[in-house]
Amino acid sequence: MKKSLALLFLAMLAVACGGQRHIKQQLDRADALMIDHPDSALEILSSMDRRALATPEKKARHALLLSQALDKNYIDVDNDSLVDQAVRYYSRRGNDIERAKAHYYYAVVKGNAAESGTAIKALLMAREHVVKTDDDRMKALIYTYLGNLYYEQFCFSDAATAYSEAVDAFKNTGQTFYLLYAMRRKGVSLSLIDKKPEALACLSEAKEIAIQANDVSSLLGIMSSLGGVQMLSDSVTSSSYKHDLFKLYEKYTDGKIPFNHYPTVGYTYFLEKNLDSARWYYHNYYLQCPKLPTLT
């Protein structure tokens, strides 16, 4: 009888161990898919039974990976009940990159909840850990989001510093589209703290990178920001800038002026005192803008 009970116990133990190995394999698989196939990672993590996560480590890892997958699939979460499990666990255990990720995704949730102050504090904690690692992708994410939050708070000097760190990190990742985004935001932030030469240098470099990458969307946005800084700093005339802008349209958009460039083009006409053309571009831009819902 004792022998039978012992064999039964061993059998149950083997099943349990096998189940935990399967859970680890699922978590590892989701982690491996996260960057290139976040939709598949989310599917794996969402299908897992959290009651089967037998240890605090597995529960925290699942919470962190699921928070990451939700964000990468553009699903905004403003309740911190999930990611808080990861923060509480990795604040005491884990390595620096795990701690950085936990605080970063906590910041994302708090940002979604419009709690910018709490989000910034979480990002500063994430920064403390990520600087100890060589994970440039994570550094870039943290600094870019920090820059965005500072920018929204009108702290343009802090925003410029954060974007500068993001630019350095993105240059090491090879993610040109995101590099150009950070460079454009850095340039605009520098212009807003009256550092026009630095802003022009940053935006001009971004322009050349966008041309080399044939990234038309980023190039058009950069040219819009560059023109504003150039004309405000008197480094070019409005006619010269408009000429360059229209050459850009001829080359990349079959001569068609993009809708979101109407205010920029309208401003160049305004500076030339061509008020009818300026009025036309401004009027048609605001005419086509999405209407805000009315209160009833």
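No value in this document is a laboratory result; all are computed from the given coordinates. As the structure is a prediction and not an experimental result, all values here were calculated from the model. Here the Cβ positions follow ideal geometry from the backbone for every residue, glycine too, while neighbour counts run over all protein chains shown.
Side notes on the structure shown:
- One decimal place: the segment H37-A213 gains 61.0 nm when fully extended, by the rule 0.36 nm per residue minus the C-alpha distance.
- Modelled label positions at I75 and E205, each set 7 Å beyond Cα in the direction of Cβ, lie 3.9 nm from each other.
- Crossing angle, helix 262-271 versus the chain [Cα axis fit, 0-90 degrees, rounded to tens]: 30
- Once you reduce the range 37-111 and the range 212-230 to the center of their Cα atoms, the two points are 36 Å from each other.
- In the chain, the longest principal axis of the Cα atoms and the axis of helix 176-192 are about 60 degrees apart.
- Helix content alone sets the calculated 222 nm mean residue ellipticity of the chain: runs of n ≥ 4 DSSP H residues at -39500 (n - 2.57) each, divided across all residues, give -25000 deg cm²/dmol.
- Listed by chain and number, the lysines whose alpha-carbon sits under 18 Å from that of K273, ignoring those within fewer than 8 places in the same chain, are K242.
- Cα gyration tensor category, rounded, prolate or oblate, for the range 149-243 with a/c compared to 1.5: oblate
- For the chain, built as a Gaussian network whose Cα springs stay under 10 Å, the top-fluctuating residue of A63, A278, A126: A278
- Helix 156-173 vs. the chain, principal-axis angle (Cα, 0 to 90°, nearest 10): 70
- Cα-based shape type of the range 78-209, given that a ≥ b ≥ c are square roots of the gyration tensor eigenvalues and the cut on a/c is 1.5: prolate
- Where Rh is the Kirkwood radius over Cα pairs, Rg/Rh for the chain: 1.13
- Förster radius 45 Å - calculated FRET efficiency between Y286 and R21, Cβ distance, rounded to 0.05: 0.15
- Bins of 5 Å, starting at 0 and running to the largest distance - Cα pair percent for the range 198-291: 3, 14, 23, 24, 21, 11, 5, 0
- At most 15 other Cβ within 10 Å, DSSP loop - trypsin sites (Lys or Arg not before Pro), the range 128-169: K132
- Given K101/K132; K207/K251; K195/K251, the pairs whose alpha carbons are separated by over 20 Å: K195/K251
- With K and R counted +1 and D and E -1, the other residues having a Cβ less than 12 Å from that of Y269 yield a net charge of +1.
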